[in-house]
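Please treat every number below as a calculation from the coordinates, not as lab data. In this text the structure is predicted, and so the values were computed from the model without any measurement. So basically every Cβ, Gly included, is an ideal-geometry build from the backbone, and we count neighbours across all protein chains shown.
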């Protein structure tokens, strides 16, 4: 059935159209706002595949034709790995949708959002998120939605719902909020050192703003939605469960109270083997069924200990951060390095300084973008004691790196003050919860160790939640197991002044304002505690960059002299770059940025460029080379590419019969500039220079 409806959100109108395109899908919708258009489709196989997890695939595609561009790749088409923006948008779509699929639904499901048209003022990611929910809502696929999403900015002290790109450039906040009709389920974004109250108000400002989208989807589900497929909740073999718990009861306490992660895992492996070896064969069909019941039992015991007895796995109080160890400058040749260890999570973070030519070039719908600051997060299998192929960064790695990058970028110095390109790499060496927040802390210290004048140090902490009925427990600095058994993963990054980035995912129906306020307040205390430990290792940025970092010098020359620095076909600048082992960037306004491997080379190159770009001054004496002899005088090169004429009458205090009596071609001679006329012609005098001597 064809249907089109418009919804007013903030100052924008979002249109939803279904029943016209992609009609062989289980659900499809075209979402548009301004000139941005996104097609969201969802298809699920009819057959159920019991894979032990929900086989859900989310894809987001930005087609370059949407912005009137041809891809810059060799094949001139969108191929290969998705871009960083596409990966991050996939995660934005996936995170609020996945928890709302009912237990027992196992059909392979694929949701694809394709950008058909891109308005430079309207980011299509919000349209894709809302389109994904709409497509699922009207399909026959079982799903406990709908959800809706909006972006919120903060401009001149006021909140803006779904700001345009122009408004975002003026905004000190960029948050994406997704929620149901009753609660917030996902938050992602940056903030410019804003207080917890400002951020919290922004989240619920967005949640109120998305309600018309929720109401519209509920209404259309009744009007045009397909009947949902039946889903049988997973049957639980109560006899098997009782027997598994009976056999595990003696050993489960040791598992959930062992503080060391690897010891705890080893004890749990032993317990699984003991339970399986003692089970009567007729009670179960496969080992996976037993392990699933045992894992559920362990999770329930851990949650009960926390909620009823106030005991965490490692014995900490709810608001206590694990022991922290910080070191800096541990890699001798790196420009900056830091080792951040918190409990059983450890990150080696390295900072590298480069020139403008090292900026990351990103091709996207908004055109070519050059990124001055990069943060790359690597999670090798050995950090969790596993063996698997190394296949490059996963979507999770890219998402964690982006969260950390946003958090640190808020405190970077302006390019006009510190014009280096910055790359930070986090190598996670151990992981037991919140390696992305360890990356933030390590990045802050590594950059300060490299001599980057950060506006303030940054730290991050991951918060957890366990909610049993009316009992609510907020946990600071969660372990990996606490993340697995808990109901929320809330990562908060910031300085002592305020929040710089945050990410929240909810596994339950949602959280209210009171719970979120408590989590943010507790996170602030944890963040400050971590900053205190970091300060013991490095309290402020180094006064100088590393001796191995490129040395930077800025020179300002007259724009007319740029061509002489570059030379024909770039000959001069290439020769200078090679001779002094330097990177030379020349701006149209005459600003020249020099990056050299050492200070001596940088200063020598500076002198050379100043000589080439020098402008002759009246009254100044120069040592020049005679280029041409004429009957009436001699032409002398006083600066590279700059000649002046010494008239025969200005060669000596006495009368000179022939120019060649005084000068010959190739001679070096001291001359004084006595006049520069309106046409730029330079008059020189050897006689005046002699008088000065």
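What are the semi-axes of the equivalent ellipsoid of the range 134-184, taken as the square roots of 5 times the eigenvalues of the Cα gyration tensor, listed largest first and rounded to whole Å?
Values: eigenvalues 178, 25, 8 Å².
Semi-axes (√(5λ), whole Å): 30, 11, 6.
Taking Cα atoms only, the orientation of helix 211-224 departs from the longest principal axis of the chain by about 50 degrees. One quarter of the surface of the convex hull around the alpha-carbon atoms of the range 3-224 equals 13.3 nm², the direction-averaged projected area. Which parts of the range 474-494 would a label at residue 98 reach, counting a residue when its backbone N lies under 13 Å from a point 7 Å out along Cα-to-Cβ? Those under the cut-off are 484, 489.
Among 89, 352, a tally of other beta-carbon atoms within 10 Å of each Cβ gives an order, fewest to most, of 352, 89.
Of the beta bridges DSSP finds with both residues in the range 324-537, what % are antiparallel, to the nearest 5? Show your work: numbers first, answer last.
Details: 46 of 52 bridges.
Taking every DSSP beta bridge with both residues in the range 324-537, the antiparallel ones total about 90 percent.
Value of Rg to Rh for the range 506-639, rounded to two decimals, is 1.37; Kirkwood radius and Rg both from alpha-carbon coordinates. In plain terms, the chain from residue 74 to residue 382 could stretch by 107.3 nm, reckoned as 0.36 nm per residue minus the Cα-Cα distance. Rg of the Cα atoms in the range 238-309, relative to 2.2 N^0.38 Å, amounts to 1.09.
With all pairs of different alpha carbon atoms counted, what Kirkwood hydrodynamic radius in Å does the range 423-560 show? Could the numbers behind the result be given before it?
Numbers: mean 1/r = 0.0591 Å⁻¹.
With all distinct Cα pairs of the range 423-560 included, I get 16.9 Å.
Restricting things to alpha carbons, find the Rg to Rh ratio for the range 182-287 using the Kirkwood radius for Rh.
On the way: Rg = 24.2 Å, Rh = 19.7 Å.
Using only Cα positions, Rg/Rh for the range 182-287 is 1.23.
With respect to the chain, whose longest principal axis is taken over its alpha-carbon atoms, helix 571-580 is tilted by about 70°. Size descriptors for the range 577-666, from the alpha-carbon set: Rg then Dmax equal 18.1, 54 Å.
Averaged over every viewing direction, what's the projected area of the C-alpha convex hull for the range 324-537? Give it in nm², one decimal, please. Show your work: numbers first, answer last.
Values: hull surface 53.6 nm².
Average of the hull's projected areas for the range 324-537 equals 13.4 nm².
Calculation over all alpha carbon pairs of the chain in 20 angstrom steps from 0 returns a P(r) of 15, 39, 26, 12, 6, 1, 0 percent.
For the range 621-692, the alpha carbon positions stretch 29, 23, 20 Å along the principal axes, listed from largest to smallest. All alpha carbon pair distances within the range 551-613 were sorted into 10 Å bins beginning at 0; the resulting P(r) in whole percents reads 24, 62, 13.
Given contacts defined as C-alpha pairs under 8 Å and at least six residues apart, what's the relative contact order of the chain, whole-number percent? Numbers along the way, then the final one.
On the way: 1452 pairs, mean separation 67.9, N = 693.
It comes to 10 percent, rounded to a whole number.
Measuring nothing but how far apart in sequence close Cα pairs (under 8 Å, 6+ apart) lie, relative to its length, the range 238-309 scores a relative contact order of 42 percent.
Between helix 84-97 and the chain there is an angle of about 20 degrees, using the helix long axis and the longest principal axis of the Cα atoms.
Between residue 21 and residue 607, what FRET efficiency comes out of the Förster formula 1/(1 + (r/R0)^6) with R0 = 56 Å and r the beta carbon distance, rounded to 0.05? Working from the Cβ atoms, E equals 0.30.
Using 0.36 nm per residue and subtracting the Cα-Cα separation, the extra length available between residue 281 and residue 35 on full extension is 82.3 nm. Annotation for residue 630 and residue 198: the two label points, set 7 Å from Cα along the Cα-Cβ direction, are 6.8 nm apart. Ranked by how many other Cβ atoms sit within 10 Å of their own Cβ, fewest first, the residues 420, 370, 105 fall in the order 370, 105, 420. The ranking of 595, 205, 382, 134 from fewest to most other beta carbons within 10 Å of each one's beta carbon is 382, 205, 595, 134.
Could you give the length gained by full extension between residue 540 and residue 8, i.e. 0.36 nm per residue of separation minus their alpha carbon distance, to one decimal place?
Numbers: separation 532, 0.36 × 532 = 191.52 nm, distance 4.82 nm.
Stretched fully, the residue 540-residue 8 segment lengthens by 186.7 nm.
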